[in-house]
1. Per residue of A:172-182, how many C-beta atoms from partner chains lie within 10 Å of its own C-beta, taken as a mean?
2. Can you tell me the convex hull volume per residue for the protein assembly as shown, based on C-alpha atoms, in Å³ to the nearest whole number?
3. Of B:K2, A:K101, A:K23, how do they rank once you tally other Cβ atoms within 10 Å and put the fewest first?
4. For B:V130, what is the net charge nearby, where nearby means another residue's Cβ is under 12 Å from its Cβ and Lys, Arg count +1, Asp, Glu -1?
5. Near A:E19, within a Cβ-to-Cβ distance under 15 Å, what is the net charge of the other residues, with Lys and Arg +1 and Asp and Glu -1?
6. Around A:L126, what is the net charge, scoring Lys/Arg as +1 and Asp/Glu as -1 over all other residues with Cβ under 12 Å from its Cβ?
7. Take each of the peptides B:67-80, B:117-130, B:45-58, A:205-218, average the number of other beta-carbon atoms within 10 Å over its residues, and list them starting from the highest.
8. Straight-line reach only, C-alpha to C-alpha below 24 angstrom: list the lysines that A:K23 could link to, leaving out same-chain residues fewer than 8 apart.
Amino acid sequence: MSTPTGITRATLHKDLRLEWRSKDAINSMLFFSLLVVVVFSFSFDPSAEESRQIAGGLIWVAFLFAAVVALNQTWAREIRNQVLDAYRVSPAPPNSLFLAKTLGNFIFVIVLEALMTPLFIAFYRLRSLGPVWQLLLVAVLGTWALVVNGTFFAAMSLRTRSREIMLPLLLFPISIPALLAMVQSTTAILSGEGARFWIVLLVTYDLVFTTVCLLLFETVLNAE
Amino acid sequence: MKHAFPILGVVTAILLSFALYEALIGAPTEQTMGDVQRIFYYHVPSAWTAFTLFFINFIASVQYLVRSSSSADRVASYVAGGVGLVVFAAAFFVPLPMGIRPSAVATTGLLIAGLYFLIRSLFSQPATDVLALVSAEVGVVFCTVVLVTGPIWARPVWGIWWTWDMRLTSTLVLWLIYVSYLFLRRFSSSGQTPLLAAVLAVLGALCVPFVYFSIWFFRTQHPQPVMGDGGSIDPRMLNVLLLNWLAFSCFALLVCWSRYRLETLQREVDQAHALESLLDPRGSVR
C-alpha cells in the first residue's frame, strides 16, 4: 500500500468509488456535451459529406468543454477538509497523487466519449472512410493530452483567485497544438486520408508534457 | 553607471528618429507594393524584439525554478552550455536545410548560452522573477504591434486582413500563451505567483515547437524570411531594416529597464509596508 504505485492505486480507487456513488462529474459532463451537440446540430444542419468535414472539430470542442467541467472538480474535494495539506506533510510522493488524479480524469473523459460517440454518429449521420482503430488511437492520445495538462493546470489554478475561470485560460492556449492534431487527424481519418503526421505529433506532445508535468508537479503542490 | 539610464534614453531617441526618417524617406520604394511595404521596417523588428523577449522570459523562468537547488542549477547550466555548443557546432558540421545560413545558426548557439550565463551573472534568483515578468509584458506589447501591423500591410497587398497561415497563426498562438501568462500573474495571490508563473512559462515555451510544427502542416502564404536566402532584398533596404531593429531593441531595453526599476521599487515598498505592520504594536494594517 505504501509503494508509489500502491498510493496511486489507492487514490484512484477512492476517486472512482466516490464518482461511482455520486456520479457528479460524469452526469454534468454528459449533459453538458449533449447540450453542445444539440446546439451545434441546430446551428449547422449539415449533409453527410459536410458533417465528415466538420465532425472532428465539433466532437473535440464538445469533449474539451465537457472535460473542463470535470477537471475543475478534480481538486475541490481535496481542498474541503485540508486533505491536500495532509498529503503534503505525508511522505507520499506527489507524483503518485498526480498520476492517480490524471488517470481518474482520463477514465471519466473516456467513458464520456464512449457514451457520446454513438449519439454523434446518429445525429450527424457519420460513416468513417478510414480505419476505425486509428480513431480509437487518436481518442486515447488526445484525451491523455487534454487530461494531463488539465489536471496539472487545475492544481495550479487552486492557488489563484476565481480558479474556475483560470483553468480554461491556462489550458486552452497550451493545448492548441494537441487540439489541432486531434481535430485534423479525426477529419483526415473520417474522410479516408492518412493521419500519420498528426498521430506522431500527438505521441510526442503526450510524452513531452507528461514528463514535464511529472517533473514540476511537486513544485506546484508545495507552492506556498 | 549612474548615468547609464538617461544616456540609453538619449541614444534610443536619436536612433528611433533617425530610423524613422530612413524608413519613411531614406529607403527606396518597393517596386510592386509601393509605400505600403515601408511598414515592414516596423513589423519585422517588432517581431524579432518580441521573440527575443519571450526567449529571455523562458531563460529567466528556468533560472527562477532551478536556482533554489544547487544541483538543479548545475545541471541546468550544463544543459544551457551544451545546447549552445551543439547548435554552434551544428552550423559547421551538419548539412543545413536550404535557405538557412551557417552564420545565423552559429549566432543562435552563442546567443542561447550567452544569454543564459549573462542573466545568471547579472540577476539574483528573486530578480529573475522580475525579469521574467518585465520581458513577458514588453514582449506581449511588441507581439501586439506585429499582429496589428501585419493585417494593415496584408489588406492592400494580399487583399485580405487575415489568413490562417503558418507564421500568422503561430504568432497569434504565441501571443495567446503569453497573455494567459500575464493573466495568471494578475489572478494569483502574491506569495506563490513567481513560482506558478515560472512553471507556466516553461510549459508555454515547450509548447512553441509543437505550435510551429502543427501549423507548418498547412500551406504557407507569408513572404519567406528575407534574412535567410540572401539576395532577394535591396542592400539599402536591409540596412534600414537592421537600423530599425537596433532602434527597436534599444527602445525595448529602455522600457524593460524602467519597468524593472518600477517593479523592484514596488516590491521594496510592499515589503516595507509588511514589515511596518508587523512591527507596529497596534497591529494596524496598511
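1. Details: counts 3, 14, 11, 2, 11, 11, 3, 1, 8, 4, 0.
That works out to 6 on average.
2. Convex hull of Cα atoms, per residue: 200 Å³.
3. With the fewest neighbours first, B:K2, A:K101, A:K23 line up as B:K2, A:K23, A:K101.
4. Cβ neighbours under 12 Å give a net charge of 0.
5. Numbers: positive: A:K14, A:R17, A:R21, A:K23, A:R77, A:K101; negative: A:D15, A:D24, A:E78.
Computed value for this residue: +3.
6. Details: positive: A:R52, A:R125, A:R127; negative: A:E49, A:E50.
Net charge around A:L126: +1.
7. B:45-58, A:205-218, B:117-130, B:67-80
8. Partners within reach: A:K14, A:K101.
Readers should treat all values here as calculations from the given coordinates under stated rules, not as data from a laboratory. What you see is a predicted model, and the numbers here were worked out from it, not measured in a lab. As a convention, Cβ positions derive from the backbone with ideal geometry for all residues, glycine included, and neighbour counts pool all protein chains shown.
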